[in-house]
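Please treat every number below as a calculation from the coordinates, not as lab data. Because the structure is predicted, anything quoted here is derived from the model rather than measured. Glycine also receives a Cβ, built like all others from the backbone with ideal geometry; neighbour counts cover every protein chain displayed.
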Amino acid sequence: MSKRNQILAGILLAQVLLAVFVFWPRSAPASVGAPLFADFKASDVTALKISDSDKNVVELQKLGNDWVLSGADNFPADSSKVTPVLDKIAAIKTNRLVTRTSDSHKRLQVANDDFLRKVEFTLASGATHTLFIGSAPGTRATHVRADQQNDVYLASDLSSYELGAQAGSWIKTVYVSITQTEMIGLTITNITGTLQLTKDVSGAWTLNNLPAGAPLNTSAVTSLVSQAANVTLLQPVGKQAKPEYGLDKPLATVTAQIKPADQPVTTLTLLVGAKDPTDNSYYAKSSASAYIVKVSEYSVRDFITKTAPDFIQPPTPTPAPNATPGT
């Protein structure tokens with residue numbers, strides 16, 4: 001091969017190698033995506049309003065470092081439930097686009113009038129945003145849309161279930177909590193009269209108005225004491241008593257006497273007021289709380305209805321005699 005041909009062959013080889021380098025298929029770099037809300041920081045959120053498809057609405061407000069339910073006289077919210085959700089909203093990116101048209105909004109449940117959750121939040125700057133949370137097409141994926149945008153994206157690690165539109169989703173629901181071993185007396189007054197239970201030095205309960213000679217049903221007593229020691233709330237109402245709450249003429253008054261070790265005896269009183277027919281809950285007020293709340297019918301029904309005969313041990317059934325052979 002002549003020197004000239006060698007040079008031409010070298011140039012050709014270089015061109016081939018350059019073409020291979022330029023056109024060789026490469027893996028595209030992973031798209032990081034921009035934040036759905038560019039100015040959003042979880043720490044900057046000062047208010048939240050969450051609505052669902054059943055027209056439930058809950059409003060939260062940040063006071064200092066604490067979250068409260070603004071619609072219930074600032075009842076304390078559980079910040080450990082609020083902060084993680086805000087962090088997940090801040091982490092939503094625009095790299096998983098689903099659609100750019102509004103025709104799909106209803107189908108994906110992120111329309112203005114058809115959604116699973118509508119989350120409206122206010123930032124410290126005064127800016128407001130709305131996030132629509134819709135259906136979940138798969139694990140770790142939920143359709144989301146920012147207000148004023150047609151684009152719908154998939155969000156990871158966020159679901160509508162984490163954004164409940166009822167107060168119970170955002171608070172600690174313990175309303176009355178008494179250590180049962182420290183309870184030494186329990187008095188319940190309802191329309192039928194008064195039940196007075198007293199614990200003796202051995203730890204056994206007695207009922208003062210049990211008919212003479214009637215055996216006490218200890219399991220029924222234990223159940224009643226347990227209910228009085230642990231009452232959970234459905235939702236807080238506020239601090240101001242209203243006539244419709246029925247607390248001026250309660251259906252039941254429950255008074256517990258409490259004696260911690262090396263401490264004086266204290267009392268805690270729970271008033272059970274009127275029933276709300278819209279949800280079958282009852283209004284209640286504990287002397288240990290400034291707030292009136294709603295509680296479930298199940299949690300207070302025994303306080304309203306139980307009478308002394310309900311705590312009499314039923315007789316043991318007499319075994320039927322063995323059948324006579326041949327009969």
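Name the trypsin sites (Lys or Arg not before Pro) in the stretch 29-95 that are in a loop by DSSP and that have at most 14 other C-beta atoms within 10 Å, would you?
Working: sites: LYS41, LYS49, LYS55, LYS62, LYS81, LYS88, LYS93; in loops: LYS41, LYS55.
The qualifying sites are LYS41, LYS55.
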#### Entry: Efficiency of FRET from Cβ geometry, THR46 and THR269, R₀ 22 Å, rounded to 0.05
0.05
### Message
Given the options ASN150, VAL300, LEU131, identify the residue whose Cα lies farthest towards the positive end of the charge dipole of the chain (+1 on Cβ of Lys, Arg; -1 on Cβ of Asp, Glu).
### Response
ASN150
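Output the relative contact order of the stretch 42-169, whole-number percent, from Cα pairs under 8 angstrom with separation of 6+ residues. Mind dumping the intermediate values first?
Working: 250 pairs, mean separation 34.5, N = 128.
It comes to 27 percent, rounded to a whole number.
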### Query
Any idea what Rg and Dmax come out to for the chain if you just take the C-alpha atoms, in Å?
32.8, 129
#### Entry: Helix axis angle, 218-229 relative to the chain longest principal axis, alpha carbon, degrees
50 degrees
### Query
Local charge sum around SER156 (other residues, Cβ-Cβ under 12 Å, Lys/Arg +1, Asp/Glu -1)?
+3
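Taking the Cβ of each residue in HIS129, HIS143, HIS105 as the centre, tally the other Cβ atoms inside 10 Å and list the residues starting with the fewest.
Numbers: HIS129 18, HIS143 26, HIS105 21.
By the 10 Å Cβ count, ascending: HIS129, HIS105, HIS143.
Quick check for me: using +1 on Lys/Arg Cβ and -1 on Asp/Glu Cβ, what's the dipole size of the stretch 42-169 about its Cα centre, in debye to the nearest 20? Don't skip to the answer; put the middle values down first.
Values: 14 positive and 16 negative charges, 93 e Å.
Dipole magnitude for the stretch 42-169 comes out near 440 debye.
What does the extension gain come out to for TYR161 and VAL174, with contour length at 0.36 nm per residue minus their alpha carbon separation?
My answer for the length gained is 2.6 nm.
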### Query
What's the tally of Lys pairs in the stretch 42-169 whose alpha-carbon atoms lie under 16 angstrom apart, where the two lysines are 8 or more places apart or on different chains?
7
## Note on the structure
Placing +1 on each Lys and Arg Cβ and -1 on each Asp and Glu Cβ in the stretch 91-248, then taking the dipole about the Cα centre, the residue among LEU234, VAL110, LEU97 whose Cα reaches farthest towards the positive end is LEU97
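Quick one: putting +1 on the C-beta of Lys and Arg, -1 on the C-beta of Asp and Glu, what dipole do you get for the stretch 172-273 around its Cα centre, in Debye to the nearest 20? Mind showing how you got there, number by number?
Working: 6 positive and 5 negative charges, 45 e Å.
The dipole of the stretch 172-273 has a size of about 220 debye.
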### Summary
Dividing the helical contributions, -39500 (n - 2.57) per DSSP H run of n ≥ 4, by the residues of the chain yields a 222 nm value, nearest 500 deg cm²/dmol, of -5500 deg cm²/dmol
### Summary
With 0.36 nm assigned to each residue of separation and the Cα-Cα distance removed, VAL57 to THR101 gains 13.0 nm
### Query
Cα centroids of the stretch 268-293 and the stretch 99-127: how far apart, whole angstrom?
36 Å
## Note on the structure
Diffing the stretch 99-108: the Karplus 3J(HN,Hα) column from phi (6.51, -1.76, 1.60, θ = phi - 60°), in whole Hz with x for Gly and Pro, holds 7, 10, 10, 6, 4, 8, 4, 5, 4, 8
### Residues THR192 and LYS242, FRET efficiency given R0 of 25 Å [Cβ-Cβ distance, rounded to 0.05]
0.40
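Applying a 10 Å radius around every beta-carbon, put 229-238, 290-299 in order of their mean neighbour count, most first. If you can, show how the numbers build up before the last one.
Working: 229-238: 20.3, 290-299: 17.8.
Descending mean neighbour count gives 229-238, 290-299.
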### Query
What list of ³J(HN,Hα) couplings, whole Hz, do you get for the stretch 143-150 from phi and the Karplus terms 6.51, -1.76, 1.60, once you set θ to phi - 60° and write x for glycine and proline?
6, 9, 8, 8, 4, 6, 10, 8
### Task
Convert each backbone phi in the stretch 120-130 into a coupling constant with the Karplus relation 6.51 cos²θ - 1.76 cosθ + 1.60 (shift: θ = phi - 60°), then list the ³J(HN,Hα) values in order as whole Hz, x for Gly and Pro.
10, 9, 10, 9, 4, 6, x, 5, 10, 9, 10
